[in-house]
1. Checking the conditions here, which among B:166, B:153 is under 19 Å from the mean Cα position of the chain (by Cα) and either at positive phi or surrounded by 24 or more Cβ atoms within 10 Å (Cβ to Cβ) (or both)?
2. Evaluate region B:16-37: report whether one residue or more is part of a strand (DSSP E or B), small (Gly, Ala, Ser) and within 14 Å of the chain's Cα centre (by Cα).
3. Within the set of pairs 6 or more residues apart or between chains, which connect a residue that is assigned by TED's automatic domain parsing to the domain that holds residue A:81 inside region A:219-238 to a residue that is among the hydroxyl-bearing types (Ser, Thr, Tyr) and exposed (fewer than 15 other Cβ atoms within 10 Å of the Cβ) with Cβ atoms less than 9 Å apart?
4. Scan the helices (runs of 4 or more DSSP H) fully inside region A:1-103 and keep the ones with 1 or more residues being away from chain B (no Cβ under 14 Å).
5. Is it the case, given these coordinates, that residue A:319 is touching a residue at least 24 places away in the same chain (Cβ under 8 Å), surrounded by 14 or more Cβ atoms within 10 Å (Cβ to Cβ) and within 14 Å of chain B (Cβ to nearest Cβ)?
6. Which number in (1) farther than 30 Å from residue A:247 by Cα; (2) surrounded by fewer than 20 Cβ atoms within 10 Å (Cβ to Cβ); (3) in contact with a Phe, Trp or Tyr (Cβ under 8 Å, 6 or more places away or on another chain); (4) in contact (Cβ under 8 Å) with a residue 24 or more places away in the chain marks the one condition that residue A:138 misses?
7. Since residue B:83 meets every condition but one in (1) in contact with a Lys or Arg (Cβ under 8 Å, 6 or more places away or on another chain); (2) buried (at least 20 other Cβ atoms within 10 Å of the Cβ), which condition does it not meet?
8. Looking at region A:159-186, which of its residues are surrounded by 20 or more Cβ atoms within 10 Å (Cβ to Cβ), hydrophobic (A, V, I, L, M, F, W, C) and not in a loop (DSSP other than H, G, I, E, B)?
Amino acid sequence: MMFLHIAARSLFSRRASVLLTLFTLALSTALLLGIEQIRAQSKAGFFNTVTGTDLIVGARSGPVQLLLYSVFHVGSATSNIRWHSYAELRDDPRVAWTIPLSLGDSHRGYRVIGTDNGMFEHYRYGDGNRLQLAAGNQLNDLFSVVLGAEVARTLDYQPNDELIIAHGTGNTSFMQHDNMPFYVSGILKPTGTPLDRALLVTLEGLEAVHLGWRAGVPLPGAQATPEQARQRDLTPRQLTAALVGLNSRMQAFHLQRELNSKPSDPLTAVMPGVALQELWQVVRLAEKALLAVSAAALLIGVCGMLAVLLGSMQQRRHEIAVLRALGASPIRISALLLQETLLLTVLGLLLGLALLWGGIHLLQQPLLEQFGLHVGLTWPSTQQNRLVAIILGMGLCSGLIPAILAYRMALVNSLGQRH
Amino acid sequence: MSPLIEIRQLAFAWPDNLPVLQIEHLQLERGEHLFIQGASGSGKSTLLNVLGGVLTGFTGEVRVNGLSLAQLSARQRDRLRADCMGVLFQQFNLLPYLSLEANVSLPCVFSRQRRAAAITRSGSVAAEAKRLLQRLGLSPQQYGKRPVAQLSIGQQQRVAAARALIGSPLLLIADEPTSALDGHSRDLFMQLLMEELQQADITLLLVSHDPALARYFSRTLKLEGNT
């Protein structure tokens, strides 16, 4: 008890360097735990991009490629599904719902996705969250468009604004579908999924803007006006992919195999969980690099503490001599120093946690809005607890060094000190 | 009652060296004050370190309070020092980050015996620390708030003396306690120290090169050493 008091007073007397050490430790703790949190939650976010979907169906390709273009809107499909294949799938008694996806157009760098209002009803992300509108309505007209949160924010669109979609997916597409402007019917709340960066339109709307196009180019003079388009049959001829929900999850394997081996139609069906897992393998390297960097930060923090502790050892020679003369055994003196390091580490850790939680509390909203990164204020995870234990262990180990030095100083056969 | 210190045929040498310390016979009774005078290198600090129980490897017999030091473990020697001895150095006796009172109270952290003695004497460790500081001319009202580093060396040595005296140890061993002091502070220090020792009936063993201190002592021993 009194010993703790001595350790605390001793630390307090060296408060400038001790505070710096504490701060270094706190920062590296917060960094390490924060990176772990971001890592874990972006991983969870990644796996939560699409939930509740049993199968993703597209034209024949690899599972990762299909996942990339249908869910993450990265890359493009090499071929499409014919509409009647989709209709067949939609009408299959085992299928509960389908969300059609038609990709290929863009608006100022953001993907335009042709779909239907089933998207709002059936698409799930995170813990079964539905898409929610921050403003306006779902798709309610041939030329209505619902904007992802980021699209609306960065391009500063409000409901009822007009916009023109471009053919193709480049940022600088020369072919604008400017004969048929769309108007913003609604804006989605942030989801932390790729949908934040997408524009949702109806399949028929997409079909309409491509009236009079053949093989990706407009035929001269064949363009229709919006009014004419409304009169035409706009049933799409093909689709890029479809998200499928089944009545019973048990049928997923069966249906997958059936679709993959359908002789009449070259289709690929993947289970999102499996494909996500496969894709994650690619991302893992970055995950590990992040952890390595933060581990290095912790190492630097602990080394900093050690440097400060060792730097003070010469000045403390005298303190050790006094304690020794008072009858303190060498073991007790080294215990005192160890206690000091432990006190520092624990304080640094607590400060680091406070810093982390404070930081998350402050940055939670901006992170979600700016980066679509969902970082929650959570109790430390098992992994984080393990990191905390490692930090404590490292503190204790580094405390052993000055403790051993003090022990050896205390063993010197003399009372007082010689100059 | 056995003498407090009894030394027979003591010799100490560092490995492969001539002995730095040789004492045929030395006996110190309870309450006695002994001045050991000697030039540097005469082995006087070695003697204190042997008596303090931090230096082993001597030959001969050294008994403190009836216990043979050669037969005690390191832990037991530390215990003996904590319980029975006050130690005074030349300087840097105090922990700069503790208050005067906390510095004086320190021995009671390490020894239950001295803690009990202090409480018997004044009711509490803090009260005894205050009393001793008062006795040595450093009233806590006047000096209590000052950091140790702001005291003069003479004042610091008096605080150190108060610390060595708290809890009435049997023996006070002092190594050149006045060598950092000027003549006036030295006399003041010795006067106050001797008064308090007399009153508490504490045995003193003081080593110094300064012959001027001899007048405070009834017994003086001159160490020649091997130089």
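1. B:166
2. No, because not a single residue in region B:16-37 is part of a strand (DSSP E or B), small (Gly, Ala, Ser) and within 14 Å of the chain's Cα centre (by Cα).
3. A:238/A:79
4. Here the list reads A:15-47, A:63-70, A:83-91.
5. So residue A:319 fits the description; yes.
6. Checking residue A:138 against (1) farther than 30 Å from residue A:247 by Cα; (2) surrounded by fewer than 20 Cβ atoms within 10 Å (Cβ to Cβ); (3) in contact with a Phe, Trp or Tyr (Cβ under 8 Å, 6 or more places away or on another chain); (4) in contact (Cβ under 8 Å) with a residue 24 or more places away in the chain, the one that fails is (1).
7. (2)
8. A:166, A:182, A:184
The values are calculated or read from the model by the stated rules, or taken from the named source; none is laboratory data. Here the structure is a predicted model, which is why all the values come from computation and not from measurement. When we count neighbours, we look across all protein chains shown, and the Cβ atoms used for this are built from the backbone with ideal geometry, even at glycine.
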